[in-house]
Amino acid sequence: MAKTLASTPAADGYRMPGEFEPHRGCWMLWPVRPDNWRRGAGPAQRAFAAVAAAISRFEPVTVGASAAQYEAARALLAPAVRVVELSSDDAWMRDVGPTGVIDDHGAVRGVDWVFNAWGGHHGGLYHPWDQDDAVARKVLEVERLDRYRAPMVCEGGAIHADGEGTLLVTEQCLLNRNRNPTLGRRQIETLLRAYTGATTILWLGQGVFNDETDGHIDNLACFTAPGEVALTWTDNPRDPQHAISRDAFERLMDARDARGRRLKVHKLPMAGPLRTTRAEAAGVVTGTGAKPRPAGERLAASYVNFYIANGGVVVPLLDARTDRAALAKIRRMFPGRKVVGVPAREILLGGGNIHCITQQIPAGSPRPRLAARGRR
Ligand code: KQY
């Protein structure tokens, strides 16, 4: 049985690695909710299957599906993709899955953050969310990895690590009263350090305009390597995203990471602006209490929401006018990795993108020191 540990990753010598470090594999969930995914989630399921197939070219992929959806998921997913029965309230594995942490001896453990559907009863996106909150623990059990239950609300999409002691976050999300109303900035920093092993927290301000997660960092900016950050960008001063990205750029240019380095920032132009069409909105069931998805709403489309796999990068294709330029830029950011685009509008319509629906498990083993001792 995977153990739940009472200590913290930092106290035990564990750190959150960069996503560009080696992975054991990737986990996803199967989308179903008809009040989030149009036309009974069929188009989204095909998009998720394409993402899983793309990632499985680089590393093992596991998809969790409910008992009722198991056969449908198995039929649509590529044979290389493992399907396991796993209950959830929706399909955002980045946020409900575990954050992997590793030590210097190759041991892996997982952090299980408290999840409240991006805001609980104060702006959260659906209710209930108890099955989502149980996902990280179940994934760690399947992976035979010991677990830390962090005493704070957080989501995997709210933190990006460089693996060398620096964490990138946004104030809009992590200081939001709908996450941890009794904790101030200093207390949140203390918990982030304890549960990710980071020593330096770099705070950006707002996330991508109209991002329903209260501004997750994973839609705005991410580390592409230690000392290097990709940032969603627009040159259009009339776009509300312009001031957000400019503020983030200035903070990044002023920052020093945990090793004292200045950051190199890669500006990645945005798609669109993109909006939900009338036909798309009409396909979503309303009146359940989940966040409505009206026609005309601006979508928080960002090419930064890519997944870095072993030897590859899987990038959302969002807009025929900008996809080619975005792919070319991302190829320059990741020399030595194969960059693959996957059509992702259907994922975007549900409120996130490829990074939001995936969660890597770092490479390593559950308890290598014990295993080594056993062999002697
Ligand atoms: O940004 C993410 N990591 C998740 C997006 C969740 C959207 C829920 N509708």
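The values are calculated or read from the model by the stated rules, or taken from the named source; none is laboratory data. Quantities reported herein were computed from a predicted structural model and do not represent experimental measurements. All Cβ positions, even for glycine, are placed from backbone atoms using ideal geometry, and neighbour counts span all protein chains on display. These area figures cover heavy atoms from the full protein model, side chains too; ligands, DNA and RNA do not enter into them. Shrake-Rupley method; radii C 1.70, N 1.55, O 1.52, S 1.80 Å.
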Worksheet, complete the sentence: With +1 at each Lys and Arg Cβ and -1 at each Asp and Glu Cβ, the charge dipole magnitude of the chain around its Cα centre, to the nearest 20 debye, comes out at 840
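Using only Cα atoms, what is the ratio of the radius of gyration of the chain to 2.2 N^0.38 Å?
0.92
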Worksheet item: What number in nm² do you get for the stretch 66-150 if you take the convex hull of its Cα atoms and divide its surface by four?
Response: 6.8
Fill in: Rh by Kirkwood over Cα pairs, then Stokes-Einstein D for the stretch 178-337 at 1.306 mPa s and 10 °C, µm²/s
90
Discussion item. Along the Cα→Cβ direction, 7 angstrom out, place labels at residue 247 and residue 275. What is the inter-label distance in nm?
Written reply: 2.4
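Quick check on the stretch 133-190: what does the Kirkwood estimate of hydrodynamic radius come out to from the alpha carbon pairs, in Å?
Hydrodynamic radius (Kirkwood, Cα only) of the stretch 133-190 equals 13.1 Å.
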Discussion item. Considering only C-alpha atoms, what is the centroid distance from the stretch 232-268 to the stretch 94-110, in Å?
Written reply: 28
Worksheet item: Which percent, nearest 5, of DSSP beta bridges in the stretch 97-229 are antiparallel?
Response: 45
Discussion item. Per 0.36 nm of contour for each residue apart, how much would the distance between residue 137 and residue 210 grow if the chain were fully extended, relative to their Cα-Cα spacing?
Written reply: 23.2 nm
Fill in: residue 127/residue 186 FRET efficiency (R0 45 Å; Cβ-Cβ; nearest 0.05)
0.90
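Which loop trypsin sites (Lys or Arg not before Pro) in the stretch 169-267, with loop taken from DSSP, have no more than 16 other Cβ atoms within 10 angstrom of their Cβ? Walk me through the intermediate numbers first.
Details: sites: 177, 179, 185, 186, 193, 238, 246, 251, 256, 259, 261, 262, 264, 267; in loops: 177, 179, 238, 259, 261.
Qualifying residues, ordered by number: 177, 238, 259, 261.
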Worksheet item: For the stretch 85-131, with the dipole built from +1 on Lys and Arg beta-carbon atoms and -1 on Asp and Glu ones, taken about the Cα centre, which of 125, 99, 113 lies farthest toward the positive end?
Response: 125
Worksheet item: Label points 7 Å out from Cα along the Cβ direction at residue 67 and residue 256: separation in nm?
Response: 5.8
Worksheet item: Nearest-5 percent of antiparallel DSSP beta bridges in the chain?
Response: 40
Worksheet item: Between residue 298 and residue 331, 0.36 nm times their residue separation minus their Cα-Cα distance comes to what?
Response: 9.1 nm
Worksheet item: Using alpha-carbon pairs under 8 Å, 6+ residues apart, how would you state the relative contact order of the stretch 253-373 in percent?
Response: 22
Worksheet item: How many percent of the alpha carbon pairs in the stretch 137-260 exceed a separation of 26 Å?
Response: 23
Worksheet item: What percentage of the solvent-accessible surface of the stretch 171-292, computed with a 1.4 Å probe over protein heavy atoms, is contributed by carbon and sulfur atoms?
Response: 49
Worksheet, complete the sentence: The percentage of the accessible area of the stretch 1-83 (probe 1.4 Å, all protein chains present) made up of carbon and sulfur atoms, to the nearest whole number, is 58
Response to the item:
So residue 39 and residue 144, fully extended at 0.36 nm per residue minus their Cα-Cα distance, gain in nm 34.1 nm
Response to the item:
In nm², the average projected area of the convex hull spanned by the Cα atoms of the stretch 16-173 is 9.8
Item to complete: DSSP loop (so not H, G, I, E, B), at most 15 other Cβ within 10 Å: list which trypsin sites (Lys or Arg not before Pro) in the stretch 1-72 pass both filters.
Response: 3
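Which value, in Å², gives the accessible area per residue of the chain when a 1.4 Å probe is used on the protein heavy atoms? Please list the in-between numbers first.
Details: 15020 Å² over 376 residues.
Per-residue accessible area for the chain comes out at 40 Å².
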